[in-house]
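Notes follow the structure.
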Amino acid sequence: MTDHDFRAMFEEHKDAVYQFAWRMTNSPALAEDIAQDVFLLVWRGEAELDASRGTIRSLLLGIARNLAWKHWRRDRRLSSLNDDEIAAASTAIESLDKNQALSAAVAALPPLQREALVLVTYEEMSLQEIADLLTIEVGTVKARLYRARENLKLLLAPCRPGDVRSEKEYGTAK
């Protein structure tokens with residue numbers, strides 16, 4: 001890869017790689033480190049970007065994913081990857097504004113669910129692209145995405161304004 005090609009690839013994909021890493025780690029500093037490592041691996045020729053394996057963007061996100069998981073395993077050696085467990089939010093979600101509440105809720109999702117949600121929602125990847133990237137079945141992506149969305153509903157429920165109920169529902173109808 002020529003210097004010009006690398007610079008063009010970097011300019012085109014640097015934001016997507018950083019944002020993916022940030023959403024996966026919930027840490028701007030760690031996301032910067034991961035994004036830098038992704039492009040250093042490519043620059044040094046230690047990561048192969050074979051176009052027959054997918055788009056450049058999906059390959060870069062795959063490298064970022066692997067680096068994020070490496071950090072996760074190192075930092076949370078005793079934690080599990082339980083796909084059904086929701087992390088306790090450190091702050092009360094209902095006291096946050098909408099964007100902060102959504103970020104906190106996404107960060108509280110189990111890592112496998114968060115990964116699927118980030119890839120489909122923020123990276124706008126298709127289910128098949130995600131399955132290929134993660135080397136899993138499309139059905140597994142769908143299941144993780146479904147559970148992520150259901151968990152987000154639960155986590156964000158306190159943020160919704162109270163439902164307006166009819167007199168009949170309150171039992172006060174005549």
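Here the stretch 105-137 is the region considered, the condition is being at pLDDT below 90 and among the hydroxyl-bearing types (Ser, Thr, Tyr), and the residue that is most open to solvent (accessible area, probe 1.4 Å) is Thr135.
Restricting attention to the stretch 104-145, the residues being assigned to a loop (DSSP other than H, G, I, E, B) and closer than 19 Å to Tyr18 by Cβ number 3.
If I filter the stretch 81-103 for residues that are over 21 Å from Arg57 (Cβ atoms), modelled with pLDDT of 90 or more and not in a helix (DSSP H, G or I), do I get at least one hit? Within the stretch 81-103, none of the residues are over 21 Å from Arg57 (Cβ atoms), modelled with pLDDT of 90 or more and not in a helix (DSSP H, G or I).
Restricting attention to the stretch 58-80, and to residues there that are open to solvent by 70 Å² or more (accessible area, probe 1.4 Å) and modelled with pLDDT under 60, which single residue is nearest to Asp15 (Cα to Cα)? The qualifying residue nearest to Asp15 (Cα to Cα) is Arg77.
Within the stretch 7-31, restricting attention to residues that are aromatic (Phe, Trp, Tyr) and open to solvent by 30 Å² or more (accessible area, probe 1.4 Å), the residue that is nearest to Glu115 (Cα to Cα) is Trp22. Taking the condition polar (S, T, N, Q), under 22 Å from Glu129 (Cβ atoms) and open to solvent by 70 Å² or more (accessible area, probe 1.4 Å), does Thr55 pass? Yes: the conditions hold for Thr55.
The values are calculated or read from the model by the stated rules, or taken from the named source; none is laboratory data. Note that the coordinates shown come from a computational prediction; the quantities given were computed from them, not determined experimentally. Don't worry about glycine lacking a Cβ; one is built from the backbone with ideal geometry, like all the others, and counts go over all protein chains shown. Side chains are part of the model used for accessible areas, which takes the heavy atoms of the whole protein and leaves out ligands, DNA and RNA. Shrake-Rupley method; radii C 1.70, N 1.55, O 1.52, S 1.80 Å.
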